[in-house]
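Peer 1: Could you have a look at this structure, given as structure tokens, before my questions?
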Amino acid sequence: MYKSFEELERDCSHCERCDLCKTRHNVVFGVGNKNAEVLFIGEGPGENEDLQGEPFVGRGGKLLDKMLNAVDLDRHKNIYIANIVKCRPPQNRDPQEAEQEACIEWLRNQVALIKPKIIVCLGRISAMKLIKPDIKITKEHGIFFEKNGITIMATLHPAALLRNPANKPGAFKDFLNLREKIKEICDHTY
Ligand code: URA
């Protein structure tokens, strides 16, 4: 286990634990406030993220920022955003189970240092890995689970909302519920 976030990030930036390191341009470690009470976790970097080294910077990221800002959350102020895998899977395919397993230790260390009160899974892959393997995200998004003392919820992936805008109101409701949950269990005033 790491004592410092900087040391963790430095080691992660040299990671060769799986073959995704061979095709990456950048390790996408995460962005945001390391003392955040709310941690968002996506699936893995896409093309823009791989090139810029920051999570959710493409069209999906813009939509995510809009939804976050509507409930007083901001990636540069009061949340942290990371992914299950830190390197881009070629052609944006789903990260394989072996790649997720190889990478998850970095995320475990991030969680141990950030100590979030709430984790929000962005999309099916993250929800399956962190909440339960058989989660049905279309039915179970917005539901708060409890795992290892952390409150955890899944919402629809922003890219899925861009493909299927009819689901946006349902996803936005998750963000409104999240705001209420933050008021209930978080210390900082948002
Ligand atoms: N999709 C993700 O799941 N994560 C990113 O960082 C970008 C797109």
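Peer 1: Only one of 57, 85, 71 is in contact with a Pro (Cβ under 8 Å, 6 or more places away or on another chain) and at pLDDT 95 or above; which?
Peer 2: Criteria check complete, one pass: 85.
Peer 1: May I ask you to list the residues in the stretch 6-27 that are surrounded by fewer than 17 Cβ atoms within 10 Å (Cβ to Cβ) and closer than 27 Å to residue 187 by Cα?
Peer 2: Result: 6, single match.
Peer 1: Scan the stretch 106-137 for residues that are surrounded by fewer than 22 Cβ atoms within 10 Å (Cβ to Cβ), within 14 Å of residue 174 (Cβ to Cβ) and either touching a Cys at 6+ places or on another chain (Cβ under 8 Å) or at pLDDT below 95 (or both) and report the count.
Peer 2: Residues meeting the conditions: 2.
Peer 1: Are there any pairs, at least 6 apart or on different chains, whose C-beta atoms fall under 8 Å, with the first in the stretch 1-18 and closer than 14 Å to residue 103 by Cβ and the second among the aliphatic types (A, V, I, L, M) and part of a helix (DSSP H, G or I), and if so, which?
Peer 2: If the second residue must be among the aliphatic types (A, V, I, L, M) and part of a helix (DSSP H, G or I), the pairs left are 8/113; 17/102; 18/98; 18/102.
Peer 1: Does the stretch 138-159 hold any residues that are surrounded by 11 or more Cβ atoms within 10 Å (Cβ to Cβ) and either under 15 Å from the mean Cα position of the chain (by Cα) or among the small types (Gly, Ala, Ser) (or both), and which are they?
Peer 2: Of everything in the stretch 138-159, those that are surrounded by 11 or more Cβ atoms within 10 Å (Cβ to Cβ) and either under 15 Å from the mean Cα position of the chain (by Cα) or among the small types (Gly, Ala, Ser) (or both) turn out to be 141, 142, 150, 151, 152, 153, 154, 155, 156, 157, 158, 159.
Peer 1: Something else now. When residues of the stretch 42-53 are filtered for being closer than 13 Å to residue 26 by Cβ and within 8 Å of the ligand (Cβ to nearest atom), how many remain? Quick ask: steps written out before the conclusion?
Peer 2: Filtering the stretch 42-53 down to residues closer than 13 Å to residue 26 by Cβ leaves 44-53.
Cutting the leftovers down to within 8 Å of the ligand (Cβ to nearest atom) gives us 44-46, 48-49.
Of the residues in that region, 5 qualify.
Peer 1: Test residue 162 against the criterion of being touching a Gly at 6+ places or on another chain (Cβ under 7 Å), surrounded by 14 or more Cβ atoms within 10 Å (Cβ to Cβ) and of a type outside the set (Val, Ile, Thr), and give yes or no.
Peer 2: In short, yes.
Peer 1: Among the strands (runs of 3 or more DSSP E) confined wholly to the stretch 98-190, which include 2 or more residues that are within 16 Å of the ligand (Cβ to nearest atom)?
Peer 2: Ranges flagged: 118-122, 150-155.
Peer 1: Is one or more of the residues making up the stretch 28-49 surrounded by fewer than 19 Cβ atoms within 10 Å (Cβ to Cβ), of a type in the set (Lys, Arg) and outside any helix (DSSP H, G or I)?
Peer 2: Yes, that holds for at least one residue.
Peer 1: Taking the stretch 51-60 as the region of interest, how many residues are farther than 22 Å from residue 5 by Cβ and in a helix (DSSP H, G or I)?
Peer 2: Looking only at that region, the number is 3.
Peer 1: Here are some conditions: (1) in contact (Cβ under 8 Å) with a residue 60 or more places away in the chain; (2) within 12 Å of the ligand (Cβ to nearest atom); (3) assigned to a loop (DSSP other than H, G, I, E, B); (4) over 22 Å from residue 23 (Cβ atoms). Residue 75 meets all but one. Which one does it not meet?
Peer 2: Among (1) in contact (Cβ under 8 Å) with a residue 60 or more places away in the chain; (2) within 12 Å of the ligand (Cβ to nearest atom); (3) assigned to a loop (DSSP other than H, G, I, E, B); (4) over 22 Å from residue 23 (Cβ atoms), the lone unmet condition for residue 75 is (1).
Peer 1: Right, another one. Checking the condition touching a residue at least 40 places away in the same chain (Cβ under 8 Å), within 11 Å of the ligand (Cβ to nearest atom) and under 14 Å from the mean Cα position of the chain (by Cα), which residue from 39, 64, 68 passes?
Peer 2: The unique qualifying residue is 64.
Peer 1: Taking the criterion of being in contact with a helix residue (DSSP H, G or I) (Cβ under 8 Å, 6 or more places away or on another chain) and surrounded by 13 or more Cβ atoms within 10 Å (Cβ to Cβ), would at least one residue in the stretch 176-184 satisfy it?
Peer 2: No: zero hits.
Peer 1: Does the stretch 16-27 hold any residues that are assigned to a loop (DSSP other than H, G, I, E, B), away from the ligand (no atom under 14 Å from the Cβ) and within 14 Å of residue 53 (Cα to Cα), and which are they?
Peer 2: Once the filter is applied, which keeps residues that are assigned to a loop (DSSP other than H, G, I, E, B), away from the ligand (no atom under 14 Å from the Cβ) and within 14 Å of residue 53 (Cα to Cα), the stretch 16-27 yields only 23.
The values are calculated or read from the model by the stated rules, or taken from the named source; none is laboratory data. The structure displayed is predicted, hence computed values, not measured ones. Positions of Cβ are generated from backbone atoms using ideal geometry, with glycine treated the same way; all protein chains shown enter the neighbour counts.
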